[in-house]
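K.L.:
Can you read through this structure? Questions will come right after.
No lab work stands behind these numbers, since they all come straight from the coordinates. Here the structure is a predicted model, which is why all the values come from computation and not from measurement. So basically every Cβ, Gly included, is an ideal-geometry build from the backbone, and we count neighbours across all protein chains shown.
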Amino acid sequence: MNAVRSEFAELIRERCLSVADYEGLTSVEFESEAELYLYLGDMFEHLFGDGRAKPVPPS
C-alpha cells in the first residue's frame, strides 16, 4: 500500500497525467487539468488521508 500511496502522491505532485490520458484510462472527462488534479488530490485524501468522503467525478 505504501508503494501505491507514494506513486499516487508523485503523480499529483508532478502533474504527469493529462486530461486526455485520464479520459483514455477511465472514460471520465474533466474540463481542465486544474479540475482533474483537484479531484485526484481529494481522492488521495479519501484513500490515504483524513478519510473524507469519496469525491465525485464529473458526469
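K.L.:
What's the extension gain from R52 to V28 if we count 0.36 nm per residue and subtract their Cα-Cα distance?
P.N.:
Numbers: separation 24, 0.36 × 24 = 8.64 nm, distance 2.13 nm.
Additional length available on full extension: 6.5 nm.
K.L.:
Right, something else. Remind me, relative contact order of the range 2-48 in percent, using alpha carbon pairs under 8 angstrom and six or more residues apart?
P.N.:
Working: 22 pairs, mean separation 18.0, N = 47.
Relative contact order for the range 2-48 comes out at 38 percent.
K.L.:
Now for a different question. With Rg/Rh (Cα atoms, Kirkwood Rh) as the read-out, I listed [x] 0.95; [y] 1.13; [z] 1.07; which label goes with the value calculated from this structure?
P.N.:
From the options [x] 0.95; [y] 1.13; [z] 1.07, the structure gives [x].
K.L.:
Here's another thing I want to ask about it. If each DSSP helix of 4+ residues adds -39,500 (n - 2.57) and the sum is divided by the residues in the chain, what number results at 222 nm, nearest 500 deg cm²/dmol?
P.N.:
After summing the helix terms and dividing by residue count, I get -19500 deg cm²/dmol.
K.L.:
Test of the criteria: in the chain, which GluC sites (Glu not before Pro) are in a DSSP loop and have at most 10 other Cβ atoms within 10 angstrom of their Cβ? Before the final figure, lay out each step's value.
P.N.:
Numbers: sites: E7, E10, E14, E23, E29, E31, E33, E35, E45; in loops: E29, E31.
Passing sites in the chain are E31.
K.L.:
Let me ask something else about it. Using the crude model of +1 on Lys and Arg Cβ and -1 on Asp and Glu Cβ, and no other charge, please compute the dipole size for the range 2-48 relative to its Cα centre, in debye to 20. Mind dumping the intermediate values first?
P.N.:
Numbers: 3 positive and 11 negative charges, 47 e Å.
Its charge dipole is roughly 220 debye.
K.L.:
Under the 0.36 nm per residue contour assumption, what length would be gained going from the current alpha-carbon distance of C16 and L38 to full extension? Don't skip to the answer; put the middle values down first.
P.N.:
Values: separation 22, 0.36 × 22 = 7.92 nm, distance 1.40 nm.
The span from C16 to L38 would gain 6.5 nm if fully extended.
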